[in-house]
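**Student:** To start, I am sharing the structure in question, which I have written as structure tokens.
The values are calculated or read from the model by the stated rules, or taken from the named source; none is laboratory data. These numbers were taken from a predicted model, which means no experiment stands behind them. Here the Cβ positions follow ideal geometry from the backbone for every residue, glycine too, while neighbour counts run over all protein chains shown. In case anyone asks, the SASA skips ligands and DNA or RNA and just uses the protein heavy atoms, side chains included. Shrake-Rupley method; radii C 1.70, N 1.55, O 1.52, S 1.80 Å.
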2 protein chains.
Amino acid sequence: MTRSHAENAELALLLEVAGTPKPGNVDRHRDHDDLRFEHFLAGAVGARDGLAAAADGAPVGAAFERAVAGMSEQDGGNTQFGCLLLLVPLVRAAATGSLTRDGVREVCETTTIADATGFYRAFEHVDVAVDDPPEGMAELDARRGADAVPAVEARGLTLYDVMARSEDDGNAAEWTSGFPRTFREAARIRDDEGPVPDRAAQAFLRLLAEEPDGFVRTTAGADAAREATARAQACLDGEIDPEALADEFVERGINPGTTADITCAALYVALERGVLV
Amino acid sequence: MTRSHAENAELALLLEVAGTPKPGNVDRHRDHDDLRFEHFLAGAVGARDGLAAAADGAPVGAAFERAVAGMSEQDGGNTQFGCLLLLVPLVRAAATGSLTRDGVREVCETTTIADATGFYRAFEHVDVAVDDPPEGMAELDARRGADAVPAVEARGLTLYDVMARSEDDGNAAEWTSGFPRTFREAARIRDDEGPVPDRAAQAFLRLLAEEPDGFVRTTAGADAAREATARAQACLDGEIDPEALADEFVERGINPGTTADITCAALYVALERGVLV
């Protein structure tokens, strides 16, 4: 008996939030004011059926919407929308026996217009912080939710097309390029030693040091995003204490959420590739 | 959309381990040497399908064995065997629309010989600390696992009968008396205020103060069990700091596991009765 793909994906959601310190995130030792650890536990539990649907062959957009609807059944608001956006195609790829960069690229590139409408409908379930849409894209603003569906259909956009038009978003960049950061970090997690939540915290710091976080840029500005990346590198270099940075970032509301999403996706790939808990 | 019975039961497992301080248990802030927080996360994820089977009408013994098999798919050993022994009949009662003391009593009293064999087979999946069997019961020692099945069948024992013969065990006492402590504590959890993991920690202290813990008695002796109960009461009375007691009990290996099981069961009932996360 081994864990199913959906079980591994749910466990990745739980291990991600259990990893500590992950500066700025809710983690095993830190809550935000209105977004607490238990909201992530309930979000992971609620997401499971949508993840199982993805493994069972449901279309990516429908499985994603179902996972988000289940995740949203808690009082904290958006806990794991971005994680699920990455996990669903990865689970689909794993279920077809191709959890590789080429395998997940194939899943993403073959998404349909119906998948795009599922993605937009998912925004009905929860408030998600996203950037303003680019010039000429206002009617495709994800925050419009289901109201954007007619425009999506009129333009004939697939979910892949929608992601390709969101190039500044870190999750969308993974989606349209075969998840390079996810697979690279999964390999590092496998190579690491020690308890998996500790490896998750290290993965988070490495990812944050590697690239400014999209969610921090959206919610706190580009300077804050660059600063967070520089200070994550300083943690890796042993120049500052990540525990102190975690306290400070929570205090200031600097929340590298996109980095957490990719950490979760990397944990999922690492679990599928044999990392034991 | 609301959580299913199996989702509530899995969430109860997660909220139980997230509650802190729960003196002597693994909790959000404490690990044991070889039994860590992430083992409980993986145990909860793995138990879900067995809990869903219970909700879908599978026999209690088969659903329990499946839940334990899934729970055991992690490297920490026995994380939630006792929790599942309580959750499975509660989930079954909830699925039939009767999550009451009478409803769960009916579920337990109508268990069969096949349910008893499922219970014994569950011991094949994980090492569980149990007392030596009473005089004349050696061939029914639960630690014999599937080897005890012929004796169970020869004596025509149902799972209820097996529990009735384990009267010193706190979980068995719940099983054979309509879960009085579980339902009483669920009502207190509902009446409490604040985040649910904090309520879980309070529930644990109340339950431990109320009655010596069976698992502590088995693993550390009757004196240690009485001492743990007295000190839990002192925590409730504000005479000692539960955080300090938690550190001390982990250090000394005093682990009130039966009390944690009933805390989990009470959380489940509280979630089913509308406590929000």
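**Student:** Starting from a label point 7 Å past Cα on the Cβ side, list the distances from B:Ala187 to the same position in the other copies, nm, shortest first.
**Tutor:** Distances to the matching label points in the other copies: 6.1 nm.
**Student:** Based on a Kirkwood Rh over C-alpha pairs, give the Stokes-Einstein translational diffusion coefficient of chain A at 25 °C and viscosity 0.890 mPa s in µm²/s.
**Tutor:** Roughly 134 µm²/s, to the nearest whole number.
**Student:** Which of rounded, prolate or oblate describes the stretch A:1-158 when judged by the alpha-carbon gyration tensor and an a/c cut-off of 1.5?
**Tutor:** Oblate.
**Student:** Now for a different question. Determine the calculated [θ] at 222 nm for the protein assembly as shown from helices alone, applying -39500 (n - 2.57) to every DSSP H run no shorter than 4 residues and normalising by the residue count; nearest 500 deg cm²/dmol. Don't skip to the answer; put the middle values down first.
**Tutor:** Values: 30 runs with 348 residues, N = 554.
Theoretical 222 nm ellipticity from helices: -19500 deg cm²/dmol.
**Student:** State, to one decimal in nm and shortest first, how far the label point of B:Thr100 sits from each corresponding label point in the other identical copies (label point: 7 angstrom along Cα-to-Cβ).
**Tutor:** 6.0
**Student:** How high is the relative contact order of chain A, given as a whole-number percent (alpha carbon pairs under 8 Å, six or more residues apart)?
**Tutor:** For chain A, the relative contact order is 25 percent.
**Student:** Less than 20 Å from a label point 7 Å out along the Cα-to-Cβ axis of A:Glu153: which backbone N atoms in the stretch A:96-117 qualify, by residue?
**Tutor:** Counting only backbone N, you get A:111-117.
**Student:** No other cysteine beta carbon under 4.7 Å away is the test; run it over chain B and list who passes.
**Tutor:** Taking the Cβ cut-off of 4.7 Å, the unpaired cysteines of chain B are B:Cys108, B:Cys235.
**Student:** Another question, then. Could you do me a favour and compute the accessible area per residue for the protein assembly as shown, 1.4 Å probe, result in Å²?
**Tutor:** Spelled out: the 1.4 Å probe surface of the protein assembly as shown, per residue, equals 37 Å².
**Student:** Can you list, shortest first in nanometers, how far A:Ala138 lies from the same residue in the other copies, with each label 7 Å from Cα toward Cβ?
**Tutor:** 8.6
**Student:** Moving to a separate point now. Interface size between chain B and chain A, please: total buried accessible area, 1.4 Å probe, rounded to the nearest 100 Å².
**Tutor:** Heavy-atom accessible area buried at this interface is about 2800 Å².
**Student:** Expressed in nm to one decimal, what extension gain is obtained for the pair A:Ser177 and A:Asp237 from 0.36 nm per residue of sequence separation less their Cα-Cα distance?
**Tutor:** The span from A:Ser177 to A:Asp237 would gain 18.7 nm if fully extended.
**Student:** Of the heavy-atom accessible surface of the stretch A:106-237 (probe 1.4 angstrom), what whole percent is carbon and sulfur? List each step's numbers first, then the result.
**Tutor:** Working: 2640 of 5980 Å².
C and S atoms contribute 44 percent here.
**Student:** Along the Cα→Cβ direction, 7 angstrom out, place labels at B:Ala138 and B:Glu248. What is the inter-label distance in nm?
**Tutor:** Using points 7 Å along Cα→Cβ, the separation is 4.1 nm.
**Student:** Let me make sure I get this right: for the stretch A:172-252, a, b and c are the square roots of the gyration tensor eigenvalues over alpha carbons, sorted descending. Under 1.5 in a/c it's rounded, otherwise prolate if a/b > b/c, else oblate. Which is it?
**Tutor:** Verdict is oblate for the stretch A:172-252.
**Student:** Name the chymotrypsin sites (Phe, Trp or Tyr not before Pro) in the stretch B:144-243 that are in a loop by DSSP and that have at most 13 other C-beta atoms within 10 Å, would you? Intermediate results must be reported in sequence, preceding the final value.
**Tutor:** Working: sites: B:Tyr160, B:Trp175, B:Phe183, B:Phe204, B:Phe215; in loops: none.
The qualifying sites: there are none.
**Student:** I want to check the label-to-label distance for A:Thr2 and B:Thr2. Put each point 7 Å from Cα in the C-beta direction and report it in nm to one decimal.
**Tutor:** 3.9
**Student:** Still on this structure, I have one more. Which residues of the stretch B:21-43 end up with at least 20 Å² less accessible area in the presence of all protein chains than when their chain stands alone, using a 1.4 Å probe?
**Tutor:** SASA drop of 20 Å² or more in the stretch B:21-43: B:Arg28, B:His29, B:Arg36, B:Phe37, B:Glu38, B:Leu41, B:Ala42.
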